Amino acid sequence: MSKFPPIAIPALRGRVLAFAIPALLLAVLALGYAGLARSRAAFEQDDARAQRLLAGLSAAAATIGPDQPERLQTMVAELAAAGSPIRWAWLITEKQVGAFVFQKARTYAVHSDSLLAGTQLDSEQGRDKAAYDISKEVELRFEKYAASRPDLTLYLARTDDGHAIDIAGPVVQDGKLVGTVGLSLTDQHPAIPLPVSFVLLVLLSSVALAALIFRFVPGRVASGVLAGVLLLATALIFQQGIERRVVWEGERYASARTLVDTVALDLAAPDPSFRQPLAEALGKVAGPGQPVGAISGALSPEGSSRDLLAAAPAGLPRPGSLVQGVKVSQGPAVLQGTSAGVQLGTRLLVTGLLLLLLFVLGYLGYLQSFGSMVKNHAYAYGYAAPAMIGMVVFVFFPFASGFLFSFFERVTGDDLAGTVVMFGIPFRFMGLRNFFDILGSREYALTDALNFYFTLGVTILWTVSNVGLHVAIGLALALLLKNPWLKLKGVYRVLLIVPWAMPNYITALIWRGMFDVEYGTVNHVLLALGLGKVAWWSHFWSAFTANLTTNVWLGFPFMMVICLGALQSIPGDLYEAAEVDGASRWQQFRNITLPLLKPALFPAVILGAIWTFNMFNVIYLVSGGAPEHRTDILITQAYRFAFEAGRYGYAAAYAVIIFFILLVYGLGTNRMTKASEGAFD
Amino acid sequence: MRKVRWYHQVLAQVVLVLVSVVTLYPVLWVVKMALKTGQGFAMTVNPLPTEFSLENFAYVIGRTDKDGTWLFGYQLFNSVVISVATTLIGVFLACTGAYAFSRFRFPGRQAGLMSFLVTQMFPGVLMMIPLFVILQKLGAITGGVVGLNSIWGLVMVYSTTAIPFCVWMLKGYFDTIPKELEESALIDGATQLQIFTRIILPLARPAIAVTALFSFMTGWNEFILAATFMNSETAYTLPVTLRSYVGSYSTEWGHFAAGAIIVSVPVMALFFALQKYLVGGLTAGAVKG
């Protein structure tokens, strides 16, 4: 926009509106956050319940002797009888026969559809195979994390259909892994009501109060400031109120509902009516006279925020007491927190501040002029809106996050201190280090194939040779094909654009096969011509030639079509006039064809260069970077850093650099806006 | 006109025949390997088929998973639905967007056009991680309708990533349609929507055909995102399976070739059906700008 409209504080109605709109947005967002928090709380409750069940089961499994395999069945059956959501459970453990230890000899699955008939796991069966895979994963995690992060030894994942949780963990005896145990249980997303009436009430009273302020407080500045404070206060009330309400509902749910699920194993059952079955189940789990400390000890939930322990009624098993012959060696376990998902504080505060800005803009009358601008161009914005919304979500946002990534690096390993989790991946802030590393050749020497400048050189060579050949071949063929005397013209025009019509990954793979050293057609043609075989992938130049051949084959039809179109638009009488003047064919080409071809060819060349610069498929599928990454171009190199080395930040910095190279190139060609049909990949 | 001598014709024919042979050579190989029995890469120079077996086609079409689910059927269905939906949505978004940028002058127009262009310079493969997470979140919001492992998630990604190219191309074409047509329609009492649907769209048919072709090809040919966002074989599209025939250690060339023919034929047919529009659709904007 060229100039800012002047400040024009609107009349009373306008000011109330300026307040009401941000307040309404705030209320809607608050409800949205509450919904998010609610679903997270629900998920956390499900996870926590799954962990409790597993911890109990695994602690109990550790006490099963080699001669009593049916104990697992009994335990799961008891749980199921108590209304548990367990779909099935399995146990994989060692069995000792004489001096030999047979791994995985004792493997049991107990399904809820055949609860008391435990079956041997069959490693070939789909469901059982999944159990074996999970078991392997748990073993790996135990090896890695048992000492440092015991919480990471658990495996917890939602099944594909989203209605169940698979959870598994180690069975430990005397600090040693003796087996793995796993459960699959149905989710029971609890129904926590949204505090709609609360939000509505606060919203209405806040708007009413604002109207009163505007009406009765003298001075426009003073009333504006007061209203601003009111808006922030509203945000605060929303935060406090919703956090309390959602959490409270969540906790009430947790204490009432999960009790049923965990009755057999959860020591924190506050309802006295569950004490009897609890004690019985404990007896079954731990065996008479056994301490159940292991059960509650294994629960140790991390970051449980609100102890139900405090609210648990007296009369629960206490350390040292005996429950039907079962000695309780530790205190009751804590029902894991449900409020971890409900941290509205910063979110609502940031939202509140942004909305305050909106209010200020509205109060000063800017919003109104913005509104009238939108109104004046309603058609334009209406037509542009669908495409823009799609672009914002699926193009601009990933684009922006790519930029963001480039200042971070993914953290691998266990040291997660000071990391930021973005997109579910832990990152550490690096500032500009990725860029310094890449552009300063810090990691790889200049002659190393992984060096940025080396790859850039290859990329430029790749782009220039491709575009040059595309234009040369395309133009030559177009000049031939435009001759009116040429016979079979239509046939050639169809045949020659076949490479463009075929999906390019298919042709890339075919060429990969044709260049195969042993079986490939190219080497057989060379042999037939009396030349020797070429080891295509062993040398830079041969591999580069293979890539180049493929891409030239793929790309010349586009240039040919563009040139044909442009040639057809050159009026024939120009040539006739030149002929009359006695110009030679070459002179006609130099002075008529080329200059008139330029406007069409120029954009196509710019576009073609961008396409070729980022031609991922051909490089990746044909040479695959062979030999030793030397034929990789920037984009395939970046892909490898991201998805083969797992260095997302480094790869994102590559992408940002590629972006700026192409941007400078595009600006440099100076006719970008006309040429800019964009890279299409 | 200068006299055309007989050797001009012969020379031109020789050159064009040679180029055509080179052009068709790999394509003939695909046909040959598809019709051959066995999975090796035939080690001869002759690209013409010597065997005529439909074994590979039968395998590719009849492929089932271990539960007996007809994978080819599922994947064909996915590919068709995804490509057609991508085409429809992509053309709709591109036409309305391009119309706005071509016909109206509004604040943010230049910025919008530039932003379309600029995003195309960012390597697409690296947007995979954010896209993955966006689809995950969208899946949570929409109950899995638009999300991971859903056809509509892929459709949304494909149709929006093709927007910038299509908008620029269509805008170039719309620019060449004289404004007077709209003005006279306006005088005759046509509404804005009528002008767009009754005048602009019919006149821009060549460019729309090209836009549709490219949108369709995006949906039909893409395999990296499809392999990443879909997590079961019944949810894959045909190219994902096709790609998997070519492994790093062994390649089922026969199956690959048969699959390649099945996948290529529809898109090539479409390409050739619309090829007369290609020149006009692609270059109108660039030439007359």
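Derivation of every value follows stated rules applied to the coordinates shown; laboratory data play no part. In this text the structure is predicted, and so the values were computed from the model without any measurement. Heads up, the Cβs are rebuilt from the backbone with ideal geometry, glycines too, and the neighbour counts pull from every protein chain shown.
Quick one: compute the contact order of the stretch A:379-499, relative version, from alpha carbon pairs under 8 angstrom and 6+ residues apart, as a percent.
Relative contact order of the stretch A:379-499: 11 percent.
Averaged over peptide A:491-503, how many Cβ atoms belonging to another chain are found within 10 Å of each residue's Cβ?
Partner-chain Cβ atoms within 10 Å, mean over residues of A:491-503: 6.
Return the long-range amide H neighbours of B:THR64 (sequence gap of 5 or more, or a different chain), with a cut-off of under 5 Å between placed amide H atoms.
For B:THR64, the qualifying residues are B:LEU71.
Averaged across the residues of A:23-34, what count of C-beta atoms belonging to other chains lies within 10 Å of each residue's C-beta?
Averaged over the peptide's residues, the number is 0.
Given the stretch A:607-657, report the % of alpha carbon pairs whose separation exceeds 13 Å.
Beyond 13 Å sits 57 percent of the P(r) for the stretch A:607-657.
What ranking, highest mean first, results for peptides A:625-632, A:352-359, B:104-111, B:89-96 when packing means the other Cβ atoms within 10 Å averaged over each residue?
B:89-96, A:625-632, A:352-359, B:104-111
Whose amide H sits under 5 Å from the amide H of A:ALA164, counting only residues 5 or more places off or on another chain, with H placed in the peptide plane?
The answer is A:THR159, A:ASP187.
For B:THR69, project a label point 7 Å along Cα to C-beta. Then give me every residue of the stretch B:219-257 with its amide nitrogen under 15 Å of that point.
B:230-238, B:241
Given the C-alpha atoms of the stretch B:51-134, compute the convex hull and give its volume per residue in Å³.
Hull volume normalised by residue count: 205 Å³.
Using only atoms on other chains, find how many Cβ atoms lie within 10 Å of each Cβ of peptide A:611-623 and report the average.
The shielding value for this peptide is 2.
Compute the Cα gyration tensor for chain B, then decide on rounded, prolate or oblate, letting a ≥ b ≥ c be the square roots of its eigenvalues: rounded whenever a/c is under 1.5, prolate when a/b is larger than b/c in the other cases, and oblate in all that remain.
Oblate, since a/c reaches 1.5 and b/c is not below a/b.
Quick one: what are the phi-derived ³J(HN,Hα) couplings along the stretch A:479-486, Karplus 6.51/-1.76/1.60 with θ = phi - 60°, whole Hz, x for glycine and proline?
Karplus-based 3J(HN,Hα) across the stretch A:479-486 equals 5, 5, 6, 7, 4, x, 7, 5 Hz.
Kindly put A:ASP46, A:ASP437 in sequence by how many other C-beta atoms sit within 10 Å of each C-beta, fewest to most.
Neighbour counts put them in this order, fewest first: A:ASP437, A:ASP46.
Please give the peptides A:653-662, B:24-33 ranked by average Cβ packing (other Cβ atoms within 10 Å per residue), highest first, as a rough proxy for protection.
Result, highest mean first: A:653-662, B:24-33.
How large is the convex hull of the C-alpha atoms of the stretch B:1-155 per residue, in Å³?
Normalising the Cα hull of the stretch B:1-155 by residue number yields 273 Å³.
Pop out the ³J(HN,Hα) list for the stretch A:223-228 in order, Karplus 6.51 cos²θ - 1.76 cosθ + 1.60 with θ = phi - 60°, rounded to Hz; leave Gly and Pro as x.
3J(HN,Hα) across the stretch A:223-228, in whole Hz: 5, x, 4, 4, 5, x.
What spacing in nm lies between the two simple spin-label points modelled at B:THR142 and A:VAL196, each 7 Å away from Cα in the Cβ direction?
Simple spin-label model gives 2.4 nm for this pair.
Taking 8 Å as the Cα distance limit and 6 or more residues as the minimum spacing, I'd like the relative contact order of chain B as a percentage.
28 percent
Find out how many positive minus negative residues lie around A:HIS377, taking Lys and Arg as positive, Asp and Glu as negative, among other residues whose Cβ is under 14 Å from that of A:HIS377.
+4
Along the stretch A:367-380, what does the Karplus equation 6.51 cos²θ - 1.76 cosθ + 1.60 (θ = phi - 60°) give for ³J(HN,Hα), rounded to whole Hz, x for Gly and Pro?
4, 5, 6, 5, x, 5, 5, 4, 5, 5, 10, 4, 4, 4
Under 5 Å between amide hydrogens, which residues at least 5 positions from A:PHE427 or on another chain qualify, with H placed 1.01 Å from N in the peptide plane?
HN-HN under 5 Å from A:PHE427: A:VAL411, A:VAL420, A:VAL421, A:MET422.
For a Förster distance of 45 Å, can you work out the FRET efficiency between the beta-carbons of A:LEU24 and A:PHE403, rounded to the nearest 0.05?
Efficiency, from the Cβ-Cβ distance: 0.85.
First obtain the Kirkwood hydrodynamic radius of the stretch A:372-491 from its Cα pairs, then insert it into the Stokes-Einstein equation at 25 °C and 0.890 mPa s, and state the resulting D in µm² per second as a whole number.
120 µm²/s
In which sequence would B:GLU252, A:GLU443, A:GLU518, A:GLU139 go, from the one with the fewest C-beta neighbours within 10 Å to the one with the most?
Ranking B:GLU252, A:GLU443, A:GLU518, A:GLU139 by Cβ neighbours within 10 Å, fewest first, gives A:GLU518, A:GLU443, A:GLU139, B:GLU252.
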